[in-house]
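For reference, the structure discussed in these notes is given below.
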Amino acid sequence: MASQLTTWALALVLAVVLPRYLGPRAVGQLQLATTVWTIVFSVVAFGSEMMLTKEIARRPQQAARLLCTVIFLRIIFFVGGCLAVSLYIGAVTADSVQVSLFVILGMAQPLLLTANVLQAALQGFQRMQSIAVATVISKSLYTLMALLAVIAGFNVEWVAVATVIGNAAHLCALAVCLFPVVRANWRWGFSIRTARWSIVASAPFLASALLVIAYQETSVIVIAMVLDAQAVGWFSVARTLTATLLFIPAILMTAVYPAAAKRHLEGAQVLPALAARSVRLMLLCAMPIALGVAVTAEPMVSLLYGEKFLPSGAVLMVLGLSLIATYQTIVLAFLLAAVDRQATWVTIQAVALPVKILLDLALVWSCQNFLENGAVGAAVSIAVSEVAIAVAGMRLLPKGTLSRADAGYGARVVFAAVTMAAAVWLVRDASLLFAVLAGVVVYIGMVAVMRAADPEDVALMKSVISRTASRASLRRRVGE
């Protein structure tokens, strides 16, 4: 948990500082290059990370052969990825800075592809503490170098260089952690048979990864295609800020998922009760966060980034509201996976992806022409897609999972959150910090008065926090 909080804090620092120094255009150029390489990475990695973790956990003696084979395959596929990026650069209008960013971040990909394999192996060996240490070291180094670069007045290309150095540090740290584990049985080698088997075994994971990455990143590609890098920058800072708020459902479901999956395997009907409680708890957390972000979006953007990013305020407002649905989709994805219905969830994502792309194209163009802010269109597309996926996921829950009592609970939570939002709106121009504190006090008070928090739901959250902290403490002791 400590490592998660550390990396979250480092990401938040960069999300605040880098845009203010670089400006929207440079941020947009960096984001576009990052997005394109992220999509290429997901293809080049061919879904092998999950396969490696599973197979090494089952047959650790095969780790060396699998590692060598997968790394070799990734390097071969990377050559094709470079060709694809070159074709993309040739097809769009890219200035010298944009091309430089593509090249520099491309240099980071072999490091990232190899480090990803080593991390998957460490997960298979259940050396999570080693992964946490390596991640904190590399993230800290990258954050320090990126901050020094922009504060010293260097351009965005030096931030990309910091990314390369951070990835190199991550690879070295992971290698140092993994070598003692595999040293006794290490053998260099490559097998055509193992390579063919690895590709086939990884195919289901590749399909799922491509859907997730495409769903997350197509908005950036569409904005860059329809508008320009500056609009990408406006969209990027708002999306990054909202992304820092997604750790709450992730922590909850990371703690609940293993127990739910085990009970389902034993034949217990865990989904109805757990789903109802999780949906209620996420609504209790999401409503104040979403409405709080929405009503403070414009002054927050102005305070953090200055006038150059004012169009990001409207984008942040819409993305903030979308968190209500996003929290639920994260929970539903974990719950359905726990009861072996992940294929159905993947189908929902596959149907949603082309619809979202069409929405991106239509709404970015429309919002640019009618609101002079096309980035808002991409945010609206995300919000609509998240709501649709959440509704579809709810319909997959067993009949009777959510009752009228849950509807009444939801209404009380919504009323408490709306009251909080009104209070924050009244004082937001005086002081943003005071507005946040006022919102916390009003929401807690309204929840208590209206009895909007189910005692069992609160007990579940306390249990999750306690379990997560205990697990982190145990990992530290094991590492020692």
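Bear in mind that the values in this text are calculations on the coordinates, not laboratory data. Being a predicted model, the structure only gives us computed values, none of them experimental. Don't worry about glycine lacking a Cβ; one is built from the backbone with ideal geometry, like all the others, and counts go over all protein chains shown.
Grab the other residues whose beta carbon is less than 14 angstrom from that of residue 368, score K and R as +1, D and E as -1, and report the net.
On the way: positive: none; negative: 228, 360, 372.
Surrounding charge for residue 368 is -3.
With labels modelled as points extended 7 Å from the Cα through the Cβ direction, what inter-label distance (nm, one decimal) is found for residue 61 paired with residue 441?
Between residue 61 and residue 441, the simple spin-label model gives 6.7 nm.
For segment 1-221, divide the Cα radius of gyration by the Kirkwood radius and give the resulting Rg/Rh value with two decimals.
Working: Rg = 18.0 Å, Rh = 18.4 Å.
Rounded to two decimals, Rg/Rh equals 0.98.
Would you mind ranking 25, 183 by Cβ crowding within 10 Å, fewest neighbours first?
On the way: 25 20, 183 9.
Result, fewest neighbours first: 183, 25.
Step through the residues of segment 386-394 one at a time and calculate ³J(HN,Hα) from phi using the Karplus curve (6.51 cos²θ - 1.76 cosθ + 1.60, θ = phi - 60°), rounding each to whole Hz and writing x for Gly and Pro.
The phi angles translate into 5, 4, 4, 5, 4, 4, 4, x, 4 Hz.
Given a Förster distance of 25 Å, report the FRET efficiency between residue 38 and residue 394 from their Cβ-Cβ distance, rounded to the nearest 0.05.
0.25
So, in nm, how far is label residue 344 from label residue 91 when the simple model puts each one 7 Å beyond its Cα toward the Cβ?
3.6 nm
What does the charge count near residue 19 come to, summing +1 for each Lys or Arg and -1 for each Asp or Glu among other residues with Cβ under 15 Å from its Cβ?
Working: positive: 20, 25, 239, 308; negative: 307.
Value of the local net charge: +3.
If you count, for each residue, the other Cβ atoms within 10 Å and average over each peptide, how do 56-68, 107-119, 377-389 line up from highest to lowest?
Working: 56-68: 16.9, 107-119: 21.3, 377-389: 23.8.
Top of the packing list down: 377-389, 107-119, 56-68.
Roughly speaking, what is the centre-to-centre gap between segment 32-110 and segment 191-255 when only Cα atoms are used, to the nearest Å?
Taking the Cα centre of segment 191-255 as reference, the centre of segment 32-110 is 13 Å away.
Send over the per residue convex hull volume for the chain, Cα only, as a whole number of Å³.
Numbers: hull volume 74.7 nm³, N = 480.
Here the figure is 156 Å³ per residue.
Residues with beta-carbon under 15 Å from that of residue 157, excluding residue 157: net charge, scoring Lys, Arg +1 and Asp, Glu -1?
Working: positive: 25; negative: 95.
Around residue 157, the surrounding residues sum to 0.
For the chain, what does the helix formula give at 222 nm: sum of -39500 (n - 2.57) over DSSP H segments with n ≥ 4, over the residue count, nearest 500 deg cm²/dmol? Intermediate results must be reported in sequence, preceding the final value.
Details: 17 runs with 413 residues, N = 480.
Per the formula, -30500 deg cm²/dmol.
What distance in nm lies between label points placed 7 Å from Cα along the C-beta direction at residue 152 and residue 246?
3.3 nm
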